[in-house]
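I have placed the structure first, in the form of structure tokens, so that the comments after it can refer back to it.
The values are calculated or read from the model by the stated rules, or taken from the named source; none is laboratory data. Model, not experiment: these values are computed from the prediction. Every residue, glycine among them, receives a Cβ derived from its backbone with ideal geometry; neighbour counts consider all protein chains shown. We work out accessible area using only protein heavy atoms, side chains counted, and drop any ligands, DNA or RNA first. Shrake-Rupley method; radii C 1.70, N 1.55, O 1.52, S 1.80 Å.
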Amino acid sequence: MSAGVNCHISEFKPSIYHGDIVHPCVRFSEQKFKGYNWWLIYTPYYNSNSDVENPILCYGISDDGGPPTYWHVYKEIIGKPLYGYNSDPTMFFDSKGLNIFWRENATPRTEKDHLYRATYGFVLSEHGEKNLVKPILCEKEVFMDKEVSPTILKLENSYFAYAMHIRFKNSRLHSDFSFLEKLIQISLKTLSVLEVYNEKKTFGISIWKSDDIEKSFKYIKTTKIINRNKLYIPWHLDVFRHKNKLYAIIQTTQTNADICLAVCDDDENFTMYSKPLITNFSIGKLGIYKPTGFVHKDVFYLYYTAQEKSNRLLNKMFLTKEPFDILIDNLS
């Protein structure tokens with residue numbers, strides 16, 4: 001796909017957030033919600049600072065009714081916690097309104113819930129807000145997480161979450177002694193660069209289910225990504241439904257990522273197309289991160305974030321598109 005066009009977001013706390021954007025999630029409502037059809041949630045991550053990684057909700061302004069390139073900030077969903085940080089916002093529309101979620105990592109709330117990471121949320125309706133009392137996705141492990149970058153969908157009468165199942169560190173390889181740990185870190189970094197061993201590992205796409213959005217989801221299973229390039233360690237994803245199939249848009253590694261598409265016929269097993277949608281080289285940018293996308297009127301739209309080579313501190317959002325049938329033919 002082409003590099004597309006730069007998107008613009010209204011100024012919001014510029015001294016803190018600098019107009020930075022990662023983790024975009026764009027959703028469409030057939031009926032106008034609070035006067036608008038298109039909504040975006042994202043987090044800033046300026047200069048890789050997790051302190052500013054707080055979810056911000058926007059509505060889109062479009063002259064032709066199609067996916068917008070101009071967004072106006074509606075509100076900050078939640079600010080910086082006392083300790084820990086926020087990440088990975090997602091959302092979906094249903095009859096109740098706009099269901100908004102984000103992950104918290106080692107925050108006062110996760111500590112209170114006896115968790116290390118968790119996904120929290122609330123429902124924004126035309127007339128107010130309703131907090132979800134319980135976290136919907138829960139993780140107690142420090143170095144393992146089954147709810148990275150979740151997408152929540154309503155399929156028939158149940159709610160499903162699809163997320164990355166990732167091991168951040170192999171605890172058996174680390175030491176409490178600082179000198180020894182420093183040597184271990186250097187060795188692991190060298191092995192990773194040489195592509196001999198990487199303690200970060202993606203086990204696949206985790207699947208969660210609940211019959212009630214206000215109750216914690218049950219972890220069902222993790223399925224491997226079929227036809228995954230062995231050099232890829234998938235990091236984040238977004239999932240959308242089109243003509244009774246699920247599609248996952250996958251960030252293939254934490255850094256220097258490609259963006260790939262995977263298809264699922266049975267709501268469980270995703271097969272990745274061998275050709276990527278975009279790469280850093282193909283678009284002439286750096287720092288590609290988690291994308292979001294969908295099919296609208298038979299056209300596939302991909303919003304992604306990346307950095308210009310002239311400014312590695314700032315993440316910008318871009319929009320590219322392609323007729324979906326042509327795209328699938330090219331990928332196949």
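Answer yes or no as to whether Glu129 is touching a Lys or Arg at 6+ places or on another chain (Cβ under 8 Å), acidic (Asp, Glu) and more than 21 Å from Cys7 (Cβ to Cβ).
On the way: touching a Lys or Arg at 6+ places or on another chain (Cβ under 8 Å): no; acidic (Asp, Glu): yes; more than 21 Å from Cys7 (Cβ to Cβ): yes.
No, not satisfied.
Could you check how many residues of region 226-254 are within 14 Å of the chain's Cα centre (by Cα) and either modelled with pLDDT under 95 or open to solvent by 20 Å² or more (accessible area, probe 1.4 Å) (or both)?
Of the residues in that region, 3 qualify.
Could you tell me whether region 12-27 includes any residue that is in a strand (DSSP E or B) and open to solvent by 10 Å² or more (accessible area, probe 1.4 Å)? Break it down stepwise before answering.
Taking region 12-27 and keeping what is in a strand (DSSP E or B), we get 22-27.
Adding the requirement that they be open to solvent by 10 Å² or more (accessible area, probe 1.4 Å) leaves 27.
Yes, that holds for at least one residue.
So if I check each of Phe179, Phe168, which one is aromatic (Phe, Trp, Tyr) and surrounded by 11 or more Cβ atoms within 10 Å (Cβ to Cβ)? I'd like the intermediate steps shown before the answer.
On the way: Phe179 fails: surrounded by 11 or more Cβ atoms within 10 Å (Cβ to Cβ).
Exactly one residue qualifies, and that residue is Phe168.
Taking Glu156 and the conditions (1) without any contact (Cβ under 8 Å) to a residue 40 or more places away in the chain; (2) charged (D, E, K, R); (3) within 24 Å of Lys80 (Cβ to Cβ), which numbered condition does it fall short on, given that it satisfies the others?
Of (1) without any contact (Cβ under 8 Å) to a residue 40 or more places away in the chain; (2) charged (D, E, K, R); (3) within 24 Å of Lys80 (Cβ to Cβ), only one is false for Glu156: (3).
Assess whether Tyr70 counts as being hydroxyl-bearing (Ser, Thr, Tyr) and in contact (Cβ under 8 Å) with a residue 40 or more places away in the chain.
Numbers: hydroxyl-bearing (Ser, Thr, Tyr): yes; in contact (Cβ under 8 Å) with a residue 40 or more places away in the chain: yes.
In short, yes.
Could you please find all residues in region 288-304 being open to solvent by less than 20 Å² (accessible area, probe 1.4 Å) and not aromatic (Phe, Trp, Tyr)? Show your work before the answer.
Step one: of region 288-304, the residues open to solvent by less than 20 Å² (accessible area, probe 1.4 Å) are 288, 290-293, 300, 302-304.
Ile288, Lys290, Pro291, Thr292, Gly293, Leu302, listed by residue number.
State the number of residues belonging to region 43-80 that are small (Gly, Ala, Ser), open to solvent by less than 20 Å² (accessible area, probe 1.4 Å) and within 23 Å of Pro150 (Cα to Cα). Please lay out each step first, then the result.
The initial filter retains those residues of region 43-80 that are small (Gly, Ala, Ser), namely 48, 50, 60, 62, 65-66, 79.
Add one more test, that the residue is open to solvent by less than 20 Å² (accessible area, probe 1.4 Å), and what stays is 60, 66.
Subset that is within 23 Å of Pro150 (Cα to Cα): 60.
Here the count works out to 1.
If Asp94 satisfies all but one of (1) modelled with pLDDT under 95; (2) open to solvent by 40 Å² or more (accessible area, probe 1.4 Å), what's the number of the condition it fails?
The number of the failed condition is (2).
Got a sec? Which of Glu322, Glu308 is over 17 Å from Ala262 (Cβ atoms), of a type in the set (D, E, K, R) and open to solvent by 10 Å² or more (accessible area, probe 1.4 Å)? Give the steps one after another, and end with the answer.
On the way: Glu322 fails: over 17 Å from Ala262 (Cβ atoms).
The conditions single out Glu308.
Quick check on region 194-224: of everything there that is in contact with a helix residue (DSSP H, G or I) (Cβ under 9 Å, 6 or more places away or on another chain) and of a type outside the set (Ser, Thr, Tyr), which residue is most open to solvent (accessible area, probe 1.4 Å)? So that I can check it myself, show each step before the final result.
Step one: list which residues in region 194-224 are in contact with a helix residue (DSSP H, G or I) (Cβ under 9 Å, 6 or more places away or on another chain), which gives 196-200.
Checking which are of a type outside the set (Ser, Thr, Tyr) leaves us with 196, 198-200.
On the way: Val196: 99, Asn198: 57, Glu199: 23, Lys200: 71 Å².
Across region 194-224, the extreme among qualifying residues is Val196.
Residues in region 30-42: is at least one part of a loop (DSSP other than H, G, I, E, B) and crowded, with 23+ Cβ neighbours inside 10 Å?
Keep residues of region 30-42 that are part of a loop (DSSP other than H, G, I, E, B), which gives 34-35.
Filter once more, keeping what is crowded, with 23+ Cβ neighbours inside 10 Å: none.
No: zero hits.
What are the residue pairs meeting all of these: first residue in region 73-93, first residue over 16 Å from Val52 (Cα atoms), second residue among the basic types (Lys, Arg), Cβ atoms under 8 Å, and 6 or more apart or on different chains?
Tyr74/Lys34; Met91/Arg27; Phe92/Arg27; Phe92/Lys154; Phe93/Arg27
On the basis of being over 25 Å from Lys200 (Cβ atoms), in contact with a Gly (Cβ under 8 Å, 6 or more places away or on another chain) and of a type in the set (Lys, Arg), does Lys224 make the cut?
No: the conditions fail for Lys224.
Suppose we filter Thr69, Thr107 for residues that are polar (S, T, N, Q) and within 18 Å of Pro24 (Cα to Cα); which single one remains? Break it down stepwise before answering.
Values: Thr107 fails: within 18 Å of Pro24 (Cα to Cα).
Of the residues listed, the single one that is polar (S, T, N, Q) and within 18 Å of Pro24 (Cα to Cα) is Thr69.
Table: residues versus (1) of a type in the set (A, V, I, L, M); (2) out of contact with any Leu (no Cβ under 9 Å at 6 or more places or on another chain).
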{"site": "Leu231", "(1), (2)": "yes, yes"}
{"site": "Gln254", "(1), (2)": "no, yes"}
{"site": "Ala262", "(1), (2)": "yes, no"}
{"site": "Leu277", "(1), (2)": "yes, no"}
{"site": "His296", "(1), (2)": "no, yes"}
{"site": "Glu308", "(1), (2)": "no, no"}
{"site": "Leu314", "(1), (2)": "yes, yes"}
{"site": "Ile328", "(1), (2)": "yes, no"}
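Would you please name the residue that is farthest from Ile249 (Cα to Cα), looking only at residues in region 129-152 that are assigned to a loop (DSSP other than H, G, I, E, B) and open to solvent by 30 Å² or more (accessible area, probe 1.4 Å)?
Restricting attention to region 129-152, the residues satisfying the condition of being assigned to a loop (DSSP other than H, G, I, E, B) are 132-136, 140-143.
Now narrow it down to the ones that are open to solvent by 30 Å² or more (accessible area, probe 1.4 Å): 133-134, 140-143.
Working: Val133: 30, Lys134: 28, Lys140: 27, Glu141: 26, Val142: 26, Phe143: 24 Å.
Among those residues, the one meeting the criterion is Val133.
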